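The values are calculated or read from the model by the stated rules, or taken from the named source; none is laboratory data. Here the structure is a predicted model, which means the values were calculated and not measured. All Cβ positions, glycine included, derive from the backbone under ideal geometry; neighbour counts span all protein chains shown. Accessible surface areas use protein heavy atoms only, side chains included; no ligands, DNA or RNA. Shrake-Rupley method; radii C 1.70, N 1.55, O 1.52, S 1.80 Å.
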Amino acid sequence: MGFKENLREELSYQGLLIKELASKANLNQRSLSNYLRENSSIPAADVAVKIAKALNVSVEYLVTGTDAQSGLKPYNINNPKIRNITEKLKDLNERDLNIISSVIDAMH
């Protein structure tokens, strides 16, 4: 997937409208809409940074669909429940991660 698909998915995941993102990123709504069109191109770097910051994701993620920290594509990014759980797991300590891992292993 490319920029427009990743941007579209992120907007959907966060439940944001284009006009809301435009406001958060301090961009023109029409310009932002253009990046979601069929024959759109990737925005200039400074615009991509504004969009990424407003969405609290990396530019790399928007361009490639890959998590910049791990280098991996987020698992099942289209499922908000899984993505929400994954985000919460990042903050757990080692002991709690081991407990969660044991529970998942027991269920699998």
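So in the stretch 25-34, with the set limited to residues that are surrounded by 16 or more Cβ atoms within 10 Å (Cβ to Cβ) and in a helix (DSSP H, G or I), which one is modelled with the highest pLDDT?
So, considering only residues that are surrounded by 16 or more Cβ atoms within 10 Å (Cβ to Cβ) and in a helix (DSSP H, G or I), the one modelled with the highest pLDDT is ALA25.
Inside the stretch 11-24, can you point out the residues that are surrounded by 14 or more Cβ atoms within 10 Å (Cβ to Cβ) and basic (Lys, Arg)?
LYS24
I want to confirm something. Restricting to the stretch 41-57 and keeping residues that are in a loop (DSSP other than H, G, I, E, B) and open to solvent by 40 Å² or more (accessible area, probe 1.4 Å), which single residue is modelled with the highest pLDDT?
ALA44
Can you name the residue in the stretch 58-103 that is of a type in the set (A, V, I, L, M, F, W, C) and open to solvent by 90 Å² or more (accessible area, probe 1.4 Å) and is also modelled with the highest pLDDT among such residues?
The extreme case among them is ILE85.
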